[in-house]
1. Does any residue of the stretch B:23-42 turn out to be of a type in the set (Asp, Glu) and facing chain A (nearest Cβ under 7 Å)?
2. Residues being more than 22 Å from the chain's Cα centre (by Cα) and of a type in the set (A, V, I, L, M, F, W, C): count how many of those fall in the stretch A:31-51.
3. Does A:Phe76 satisfy the criteria of being touching a residue at least 60 places away in the same chain (Cβ under 8 Å), touching a Leu at 6+ places or on another chain (Cβ under 6 Å) and either of a type outside the set (S, T, N, Q) or away from chain B (no Cβ under 11 Å) (or both)?
4. Report yes if B:Pro25 is in contact with a helix residue (DSSP H, G or I) (Cβ under 8 Å, 6 or more places away or on another chain), closer than 26 Å to A:Ala312 by Cβ, without any contact (Cβ under 8 Å) to a residue 60 or more places away in the chain and crowded, with 21+ Cβ neighbours inside 10 Å, otherwise no.
5. Select from the stretch A:117-132 the residues that are touching a residue at least 24 places away in the same chain (Cβ under 8 Å) and either over 25 Å from A:Leu300 (Cβ atoms) or within 11 Å of chain B (Cβ to nearest Cβ) (or both) and list them in ascending order.
6. Considering only the stretch A:288-303, how many residues are within 14 Å of chain B (Cβ to nearest Cβ) and without any contact (Cβ under 8 Å) to a residue 60 or more places away in the chain?
Amino acid sequence: MVRTREVLADAGRALLDECRQLTPDELRALVQLPPESVPALASLAHEVRLAWCGPEVEVEGILSAKTGGCPEDCSFCSQSARFESPVKATPFLDADEILAAAEETVKVGASEFCIVLAVRGPDERIMRRVLDVVPLVRERTGLNVACSLGILTRDQAERLAAGGVHRYNHNLETARSFFPSIVTTHTWDERFETCQVVRDVGMELCCGALLGMGESNEQRLELLQQLREVEPAEVPLNFLNPRPGTPLMIRKLVEPLEAIRWIALFRLALPGVILRYAGGREVTLRELQAMGMTSGINALIVGNYLTTLGRAPEQDLQMLEDLRMPVGVLSKVL
Amino acid sequence: METQFCTGCGSPVSQCAGCAPPLDPARFCAQCGRRLTVQVTPTRVTAKCRDHGVVNPRA
């Protein structure tokens with residue numbers, strides 16, 4: 001216990017007094033804390049989040065505007081055409097359908113709306129349709145519009161930035177050393193390059209992780225270092241929700257307290273980012289969802305996900321009210 | 001309408017008593033076992049069967 005107090009005190013001093021990032025060795029010491037120390041770790045992460053980012057929580061709605069039929073083989077994804085998934089492919093939604101979903105998002109108090117397509121990257125037809133619909137959503141709803149369209153060329157990124165896409169999602173998903181075990185149809189480096197292009201052209205980068213695919217703790221630490229390198233504004237933190245028909249369908253969920261540990265570690269490693277609750281939180285954290293909000297999270301996806309359902313938005317908004325966490329718009333602090 | 005097929009995998013209910021994970025919408029028609037066209041949005045979900053039209057996605 002004395003060792004735990006020392007490790008936490010050292011981390012607190014670094015992040016709160018010296019206002020510097022933790023070193024890899026300091027993070028490794030936190031990973032090794034015993035399970036009974038996780039609440040104390042979470043408490044420190046909450047304090048760091050308040051000091052670096054303030055009390056506001058950003059709320060977002062997401063939409064799968066083109067579902068399934070993806071040529072990539074991401075082992076966790078039910079939208080790959082390479083797996084016998086029950087998810088049926090559907091074409092790009094009409095602008096009216098996307099607008100209707102955006103209006104749903106406004107009604108639950110969100111400030112952010114992300115349009116997601118299951119593609120390797122956008123072709124010209126997709127680019128034109130996205131560039132047509134983004135201004136419509138912005139004008140009619142006042143929402144900030146984010147997109148997730150896969151791998152981008154610089155030209156495509158420039159056009160999206162000029163077209164009003166303020167944030168672009170492209171997850172690293174996992175550590176470079178583990179990535180080939182999960183995806184073979186594109187490389188981790190291709191993902192990294194798109195992340196760099198997104199930042200270069202002036203969009204905010206939303207670059208997240210998916211935990212629970214069989215990666216080691218050391219690989220999670222590796223991923224944290226790699227996330228630091230791409231300097232994201234936002235990091236959506238997903239936990240694997242094993243999907244029927246996918247290669248990872250047999251994996252077990254991350255245990256709730258272990259999920260809390262890693263939420264806290266993400267905050268302590270990336271103190272200034274928007275750290276968003278994303279997919280898998282309901283089934284992973286179960287009754288600990290409010291605890292995640294006091295472990296470093298300062299943003300969440302409300303309502304449903306791309307192909308699965310979330311809990312009712314009212315439950316999340318009540319949780320935020322009970323925690324006295326105001327809903328607000330965030331931008332990168334670090 | 002009597003449920004004859006699992007909405008999680010499309011198997012006859014005599015072979016599968018229900019395997020849909022929690023928080024998953026129906027993916028197969030309960031009446032014919034055909035794969036559904038499902039659209040999830042932030043606060044809604046709709047499901048359509050080629051033969052039976054719009055069906056309850058939360059079945």
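What follows is calculated from the coordinates using simple rules that are stated; it is not laboratory data. Note that this is a predicted model, so its numbers are computed, not measured. Glycine gets a Cβ as well: all are built from the backbone with ideal geometry, and neighbour counts include every protein chain shown.
1. Yes, that holds for at least one residue.
2. Of the stretch A:31-51, the ones more than 22 Å from the chain's Cα centre (by Cα) are A:32-37, A:39-40.
After this cut, where a residue has to be of a type in the set (A, V, I, L, M, F, W, C) as well, the list is A:33, A:40.
The number of residues fulfilling the criteria is 2.
3. Yes; evaluated as a whole, the condition is true for this residue.
4. When the stated conditions are applied, B:Pro25 does not pass them.
5. A:Val119, A:Arg120, A:Gly121, A:Pro122, A:Ile126, A:Met127, A:Arg129, A:Leu131, A:Asp132
6. Residues meeting the conditions: 1.
This table checks each residue for (1) within 8 Å of another protein chain (Cβ to nearest Cβ); (2) more than 20 Å from A:Ala146 (Cα to Cα); (3) part of a loop (DSSP other than H, G, I, E, B).
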residue	(1), (2), (3)
A:Glu72	no, yes, yes
A:Glu84	no, yes, yes
A:Ala100	yes, no, no
A:Glu103	no, no, no
A:Cys114	no, no, no
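Rundown of residues vs (1) within 14 Å of chain B (Cβ to nearest Cβ); (2) of a type outside the set (Lys, Arg); (3) under 25 Å from A:Met203 (Cβ atoms); (4) buried (at least 17 other Cβ atoms within 10 Å of the Cβ), yes/no style:
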position: A:Arg261; (1), (2), (3), (4): no, no, no, yes
position: A:Phe266; (1), (2), (3), (4): no, yes, yes, yes
position: A:Gly279; (1), (2), (3), (4): yes, yes, yes, yes
position: A:Ala312; (1), (2), (3), (4): yes, yes, no, no
